[in-house]
Amino acid sequence: YLLSQDLLFSFMFYLGINICGLDILLFTFTVSHITTEVHENNNIGWLNVALEHSVNITPNPFITWWMGYLNLQIEHHIFPTMPQHNLIKMRDEVKRSAHTLGLPYQEKHFFTAYMDVFKYIGECAES
């Protein structure tokens with residue numbers, strides 16, 4: 001009897017950890033990547049790809065902590081070797097440079113981006 005309770009607890013703990021891990025992956029990666037336009041032209045340049053195919057999630061202390069600074073996907077793609085905690089320091093400069101070059105700088109609030117993911121999944125299901 002005791003062994004079966006331990007086994008059940010272990011399984012439930014394992015399941016809970018995996019669900020949390022899946023949520024973290026969903027929160028961190030899909031909200032910043034899945035809702036951007038797909039282009040057939042692959043010769044648009046590295047900076048254009050980084051800016052056109054990434055979305056930042058508006059930073060606030062909780063979101064930045066929860067996403068491990070990966071809410072700054074644009075800066076992460078432009079400066080992939082920069083320590084993540086320094087990405088916030090580049091945000092204003094990257095945003096200003098994108099505007100100067102006439103390139104998009106996409107930033108959304110977390111819940112807007114999260115709802116966009118589900119909207120996109122619905123569009124994919126209908127097509």
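Tabulated data for the structure shown
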{"item": "Apportionment of accessible area to carbon and sulfur, the chain, percent (1.4 Å)", "result": "66"}
{"item": "Modelled FRET efficiency - R0 25 Å, Phe111 with Ile17, Cβ distances, 0.05 increments", "result": "0.50"}
{"item": "Value of [θ]222 nm, deg cm²/dmol, for the chain, DSSP H segments ≥ 4, -39500 (n - 2.57) each, nearest 500", "result": "-18500 deg cm²/dmol"}
{"item": "Correct option for Cα extents along the principal axes in Å [calculated from the coordinates] among (1) 41, 29, 25; (2) 69, 40, 25; (3) 51, 37, 21", "result": "(2)"}
{"item": "Long-range HN-HN contacts of Glu107 with modeled amide H, under 5 Å", "result": "Asn56"}
{"item": "Under 26 Å from the Cα of Lys119 - lysines, other chains or at least 8 residues apart", "result": "Lys108"}
{"item": "Phe13, Phe111, reordered so the largest accessible area comes first (probe 1.4 Å)", "result": "Phe111, Phe13"}
{"item": "Spin-label model distance (nm) - Ile63 vs Tyr120, 7 Å beyond Cα toward Cβ", "result": "1.5"}
{"item": "Solvent exposure of the chain as accessible area per residue, Å², 1.4 Å probe", "result": "68"}
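The values are calculated or read from the model by the stated rules, or taken from the named source; none is laboratory data. Note that the structure is predicted; figures quoted are calculated from it, not measured. Neighbour counts run over all protein chains shown; Cβ positions are idealised from the backbone, glycine included. Calculation scope for accessible area: heavy atoms of the full protein, side chains included, ligands and nucleic acids excluded. Shrake-Rupley method; radii C 1.70, N 1.55, O 1.52, S 1.80 Å.
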